[in-house]
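The values are calculated or read from the model by the stated rules, or taken from the named source; none is laboratory data. Keep in mind the model is a prediction, meaning the values are calculated, not measured. Please note: Cβ atoms are built from the backbone with ideal geometry, for glycine as well, and neighbour counts cover all protein chains shown. Heavy atoms of the whole protein, side chains included, go into the accessibility calculation; ligands, DNA and RNA do not. Shrake-Rupley method; radii C 1.70, N 1.55, O 1.52, S 1.80 Å.
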Amino acid sequence: SQQGEEDPQALSIQEGENATMNCSYKTSINNLQWYRQNSGRGLVHLILIRSNEREKHSGRLRVTLDTSKKSSSLLITASRAADTASYFCAAGLDSNYQLIWGAGTKLIIKP
Amino acid sequence: EADIYQTPRYLVIGTGKKITLECSQTMGHDKMYWYQQDPGMELHLIHYSYGVNSTEKGDLSSESTVSRIRTEHFPLTLESARPSHTSQYLCASSEFTGGPDTQYFGPGTRLTVL
């Protein structure tokens with residue numbers, strides 16, 4: 001069964017604004033990863049946060065993890081047109097080390 | 001971009017045909033994966049491999065098979081394609097560190113079965 005869920009399903013904002021996407025999962029994790037997918041192509045890894053970390057930054061990306069609520073959020077600051085893509089969270093399971101994927105958030109940045 | 005390649009990028013075939021989707025990586029990664037993804041949906045793991053001569057089935061029931069004779073090569077074969085196989089197939093690889101590792105993806109093969 002699907003263990004990752006993302007919210008919202010779609011998000012449309014103006015260039016320069018911040019975008020926040022949320023992810024929830026159902027079981028114990030080793031890490032939580034975020035990926036970007038452009039126009040149905042392959043996915044590109046963005047950032048990984050371990051279960052013992054609460055916040056992580058990479059450039060304009062900020063990821064938080066709350067293991068008590070089994071949730072994570074991805075914040076993209078000062079958005080650009082090139083950020084238009086689908087963003088997926090993937091929960092890295094403790095049990096079998098597989099990744100369980102959410103359905104993604106489709107982000108559109110309007111110029 | 002990671003060095004992982006998939007061919008063909010697009011394939012349209014008739015029902016009943018046998019097809020092989022190719023995946024190769026030049027990073028020396030031990031683990032490789034095949035995912036199926038319908039438009040706008042999550043990825044579902046159909047096969048994975050820990051290394052040469054290792055193949056495992058994923059969570060999604062699949063009528064496909066895989067082989068891993070060489071580290072860099074992980075082809076997926078459908079013996080008899082059906083319209084229900086129409087989807088995007090994504091190949092990925094990762095190091096094998098004993099945890100849920102970062103995965104590197106190929107560009108995908110978009111399969112249409114008529």
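Okay, here's what the table says:
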| read-out | value |
| --- | --- |
| Count of segment B:74-86 residues which are open to solvent by less than 10 Å² (accessible area, probe 1.4 Å) and under 26 Å from residue B:51 (Cα atoms) | 3 |
| So residue A:25, is it open to solvent by less than 10 Å² (accessible area, probe 1.4 Å) and either touching a strand residue (DSSP E or B) at 6+ places or on another chain (Cβ under 8 Å) or at the interface with chain B (Cβ under 9 Å from one of its Cβ atoms) (or both) | no |
| Candidate set from segment A:1-60 (those that are β-branched (Val, Ile, Thr) and under 14 Å from the mean Cα position of the chain (by Cα)); member that is farthest from residue A:72 (Cα to Cα) | A:44 |
| Subset tally (residues that are under 21 Å from residue B:87 (Cα atoms) and within 14 Å of chain A (Cβ to nearest Cβ)) for segment B:16-55 | 20 |
| Residue that is most open to solvent (accessible area, probe 1.4 Å) [pool: residues in segment A:5-22 that are within 12 Å of another protein chain (Cβ to nearest Cβ) and touching a Lys or Arg at 6+ places or on another chain (Cβ under 8 Å)] | A:9 |
| Some residue of segment B:57-69 being farther than 27 Å from residue A:25 by Cβ, of a type outside the set (Val, Ile, Thr), open to solvent by 10 Å² or more (accessible area, probe 1.4 Å) and in contact with a Gly (Cβ under 8 Å, 6 or more places away or on another chain) | no |
| Residue ranges of strands (runs of 3 or more DSSP E) in segment A:31-111 with at least 1 members touching a residue at least 12 places away in the same chain (Cβ under 8 Å), at the interface with chain B (Cβ under 10 Å from one of its Cβ atoms) and open to solvent by 10 Å² or more (accessible area, probe 1.4 Å) | A:43-50, A:85-93, A:99-101, A:105-110 |
| Filter pass, residue B:26 being closer than 16 Å to residue B:78 by Cα and open to solvent by 70 Å² or more (accessible area, probe 1.4 Å) | no |
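Conditions tested, residue by residue: (1) under 15 Å from the mean Cα position of the chain (by Cα); (2) at positive phi; (3) not charged (D, E, K, R).
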site: B:94; (1), (2), (3): yes, no, yes
site: B:98; (1), (2), (3): no, yes, yes
site: B:106; (1), (2), (3): yes, no, yes
site: B:109; (1), (2), (3): yes, no, yes
site: B:112; (1), (2), (3): no, no, yes
